[in-house]
1. With 10 angstrom as the radius, rank A:K507, B:K114, B:K45, A:K258 by how many other C-beta atoms surround their C-beta, starting from the fewest.
2. So what's the gap between the Cα centers of the range B:135-170 and the range B:274-307, to the nearest angstrom?
3. With runs of 4+ DSSP H residues as the only contributors, calculate the mean residue ellipticity of the protein assembly as shown at 222 nm using -39,500 (n - 2.57) per run, divided by the residue total and rounded to the nearest 500.
4. Would you pull out the residues with amide H under 5 Å of A:E263's amide H, same chain only if 5 or more places away, H placed 1.01 Å from N?
5. Using R₀ = 25 Å, calculate the FRET efficiency as 1/(1 + (r/R₀)^6) where r is the Cβ-Cβ separation of B:K200 and B:L25; round to 0.05.
6. Can you give me the angle between helix A:313-323 and the longest principal axis of chain A, using Cα atoms only, in degrees from 0 to 90, rounded to the nearest 10?
7. Using the alpha-carbon atoms, what tilt in degrees (0 to 90, nearest 10) does helix A:549-562 show relative to the longest principal axis of chain A?
8. Would you please classify the overall shape of the protein assembly as shown from the alpha carbon gyration tensor, given that a ≥ b ≥ c denote the square roots of the eigenvalues, rounded means a/c under 1.5, and beyond that prolate means a/b larger than b/c while oblate covers the rest?
Amino acid sequence: MTDRLFLLRRGLMVGLALLVLRLAFMQLAHGAAYRHLADNNRLRLVPQAAPRGLILDREGRQLATSRSQFRVAVIPQEVANRRATMKRLGPLVDVPPGELDWRFDEDRSLPFLPATLVSSVPKPVALRIEEAHLDLPGIVVEQAITRAYPLGSVAATLLGYVGPPDPDALPALKPYGVTPEELVGRAGLEQALDAYLRGRAGGSLIEVNHVARQVRVVGHREPVAGQSVILTIDARLQALIEGQFQQHQQPGACVVLKPDTGEVLAMVSFPAFDPEAFATQQRGAIQQIFRDPRSPLMNRATDGAYLPGSIIKPLTAMTALEQGVVTADTTIQCPGFLTIGNRKFHCWNRDGHGPMTLREALRASCNVYFMEVGRRLGQERLRSGFAGMGFGRRTGWTMEEQAGYLPLRVRLNEGEVALLAMGQGDILITPLQAAVMAAAIANQGWVVEPWVVKALGEVEVGHTHARPLGWSSAHLAIVREGMLAVVNDPEGTGARAKSDRVRIAGKTGTAQTHIQGHPHAWFIGFCPAENPAIAMAVLAEHGGSGGDFPAATAKVICEAIVTPAAPADPPPNG
Amino acid sequence: MMSATRVRAPGLDRPLIAAAGLLSLISIVALASACATLNPSLTTKQAMWIGLGVLMGLAAASGPYTRWIDLSLFLYAGALVLLAVVALAGTIKLGAARWLTIFGFSLQPSELAKLATACVLARYLAAQPTPLSVRTLVISGVLAGVPALLVFLQPDLGSSSIFVAIWLGMVIVAGMSRRHVLMMIAAGTALCPLAWHGLKDYQRLRLLVFLNPHLDPLGAGYTIIQSQIAIGSGQLLGRGWFAGTQNYLNFLPERHADFLYSVIGEEWGFAGSVFVVVLCGMLVWRVSRIGSLTPDPQGRLLAAGVISWLGYQAVINMGMVMGLLPVVGVPLPLVSYGGSAMVVGWTALGLVQSIHRFGTRL
């Protein structure tokens with residue numbers, strides 16, 4: 001059967017010979033005609049970018065939109081007198097000629113490819129340059145669609161940003177018609193929803209004559225706009241909270257949820273950044289963002305894992321009540337410390353709180369009470385209570401998130417268990433997980449999956465997923481009463497959150513960090529206390545006490561929820 | 001084990017080395033020009049891949065190829081696992097995924113799967129009586145069909161068809177009866193409409209565009225038109241290195257990969273293009289010669305597999321950029337940019353050298 005290999009060889013050789021024939025036909029017989037086509041470049045592709053879908057908040061306010069932009073570029077080979085041209089162009093675009101000269105050299109590649117001088121100029125300037133085009137040989141104004149964020153940096157870490165596609169990702173995007181010049185989502189929702197937001201670029205293939213006049217349109221394809229996305233975010237609330245962080249220059253995060261559905265009304269991470277810097281490729285601004293030691297690109301609400309501190313106490317309390325190790329009336333004596341083995345663990349109040357019930361212990365955030373409760377519960381029951389809330393696991397959030405940390409397989413000693421019960425030691429949670437915990441206390445014990453995409457185009461996609469914890473409402477009432485006292489009793493640790501416009505329930509937290517004397521400050525809570533409409537978590541990195549900035553911010557959030565937007569409110573979209 | 005007296009293994013087949021080496025050299029030269037405005041670092045990367053490929057090829061040539069065939073089941077299973085991982089990753093990411101990233105390098109498992117499939121088929125088919133029974137055809141078809149299907153799901157129609165070519169070439173050489181060949185042609189023709197339904201929209205469009213490039217003058221049709229203009233305008237001696245206007249004016253998409261041959265056509269003209277075809281012919285000639293001189297059926301079948309694979313890819317790729325065949329995204333072996341393809345291609349040729357060296361002594 002050896003001759004069969006010759007058969008194969010012969011088949012392939014015939015194929016190769018046909019290729020040679022075809023080459024001869026194209027390159028020798030018709031080479032001149034093809035050369036002519038190539039030389040005259042009669043076919044020109046005039047691309048027409050597809051506008052990217054809008055990103056809207058729940059009220060229809062625009063968070064991200066598309067904007068026409070005018071780019072000033074120079075075609076190197078068409079510049080007659082470079083100096084004179086730059087000198088004339090400088091005042092028009094308000095850039096010193098020397099700087100233009102520098103950009104020219106920086107961006108030029110080949111004589112006939114335009115080099116960008118100014119990436120974005122206003123329309124009147126573009127028109128003025130067009131009018132002066134006879135005096136400005138080689139200068140061209142190109143129109144492009146770019147991404148705009150009407151509210152600036154509002155929700156920037158959530159929205160993410162767009163930019164030219166990552167060269168490594170480009171091969172996978174190519175079958176979907178993405179070109180290297182196009183803007184694609186590179187982070188946040190812009191990236192996660194890129195397939196929906198991105199439209200399909202269109203354009204015309206035109207044939208031109210020797211003076212570059214269009215002769216005919218060989219083909220045309222309409223650009224298809226991307227789908228709009230409606231978020232559950234309330235931009236007004238989001239901006240309000242960001243304003244609080246901005247005002248105090250306080251790095252941190254905040255998540256506001258609807259406790260019954262898991263809809264995210266606001267997700268703040270401060271500091272944020274200007275997403276337009278990426279869309280318009282402002283190199284300086286982008287470098288500054290990347291170099292900022294406070295990592296503005298990180299979404300602290302989902303990607304930051306922090307020690308929870310005392311905000312975990314309501315959960316410890318619920319677990320203890322459910323497990324029957326304490327009741328509402330159980331009194332535990334706080335002498336200011338608790339001795340476990342041969343170690344002495346101090347309460348934050350070294351003078352001691354005296355005898356405490358659960359409600360009082362929550363109000364005063366008594367460490368001894370909760371350490372003792374933790375000791376009675378033991379590692380297994382405490383851990384399963386925390387794991388039930390979803391700590392140490394992802395919440396099911398739309399995008400990437402940290403799972404935090406919960407010691408699942410490690411055997412802890414009694415002291416470590418006691419510390420865990422008051423939120424110190426071996427546990428890390430994200431602000432999003434903290435908000436889910438607040439929501440569970442607010443909604444009678446359901447662990448909701450937080451979500452943020454309400455609709456894609458016309459299609460409603462948001463769904464509520466919730467898991468019941470089976471908490472008894474009598475036990476919940478005790479914990480909620482304690483959380484009300486935290487805010488509303490004058491001695492409560494969260495008294496700064498007290499409002500006369502709405503009843504707020506909450507819990508403060510102050511978590512030790514590696515920087516001595518600069519603990520993370522937390523507040524979780526919900527309002528109105530009787531029939532909660534929102535649940536929230538506020539985190540201030542190294543922000544001192546949870547009773548300060550976080551509690552004050554919670555009050556602002558809650559009051560904004562009960563107050564309808566006043567007409568005087570500046571409409572976010574101008 | 002017929003040779004009791006130890007005969008020194010013969011050296012390497014020089015013409016085969018020359019053909020493969022020249023193709024890789026041409027790859028570097030053409031790539032330098034093709035990606036000058038695109039991403040100049042590709043040339044250095046490609047040189048690195050060639051170096052790695054040559055090392056792998058030498059390693060493969062240094063020992064008996066039967067070791068590879070003995071281990072082919074593991075190789076094959078490993079390749080399938082990698083393909084499945086990529087297929088799964090693709091469904092999760094809602095897009096075409098053809099790469100696995102390992103230690104910062106992207107690995108294209110479909111390339112590995114081609115070699116593994118050829119090895120596993122050589123092992124299986126060599127043990128079957130001739131003419132091949134229907135059962136043998138079905139089993140071998142499944143062996144080639146599983147990786148073909150996984151690649152098809154990526155979705156990568158072009159690479160998927162290569163598995164069919166490898167299988168077809170190998171069963172023909174293994175001794176498929178003439179009647180079966182005819183029946184298969186008939187069945188293949190009848191299945192075409194069915195296959196049409198299994199294609200993605202953009203793949204259908206490419207096939208339609210092949211029939212009429214003006215259907216989609218901005219997308220796939222544009223590529224074909226511009227690629228033909230590039231090749232044709234090369235005329236006899238080409239426009240010269242770094243002087244192709246189609247290349248520099250960005251008229252040629254994918255010009256570093258599947259369309260690198262159009263850059264060669266434009267810049268080196270008929271002379272350069274035919275030279276590449278001749279080198280491919282030389283590759284086909286030497287590999288088939290080594291295969292037919294080998295008494296060992298496994299060696300002969302492996303050579304048949306390698307030649308169906310590389311030869312088919314060469315004809316399809318060049319035919320596609322000339323507008324003779326639809327655009328299906330098949331790289332030109334040893335020439336187009338791509339690390340996995342380059343390394344695996346050289347490894348396969350190393351195995352063929354091993355057949356040349358050790359095949360007569362087994």
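Nothing in this text is a laboratory measurement; each read-out follows from the coordinates by a stated rule. On a predicted model such as this, the values are computed, not experimentally measured, just so you know. Don't worry about glycine lacking a Cβ; one is built from the backbone with ideal geometry, like all the others, and counts go over all protein chains shown.
1. Fewest-to-most Cβ neighbours within 10 Å comes out as B:K45, A:K258, B:K114, A:K507.
2. 21 Å
3. Mean residue ellipticity, 222 nm, calculated: -15500 deg cm²/dmol.
4. A:K258, A:W451
5. Efficiency at R0 = 25 Å is approximately 0.10.
6. The angle comes out at about 60 degrees.
7. For helix A:549-562, the angle is close to 80 degrees.
8. oblate
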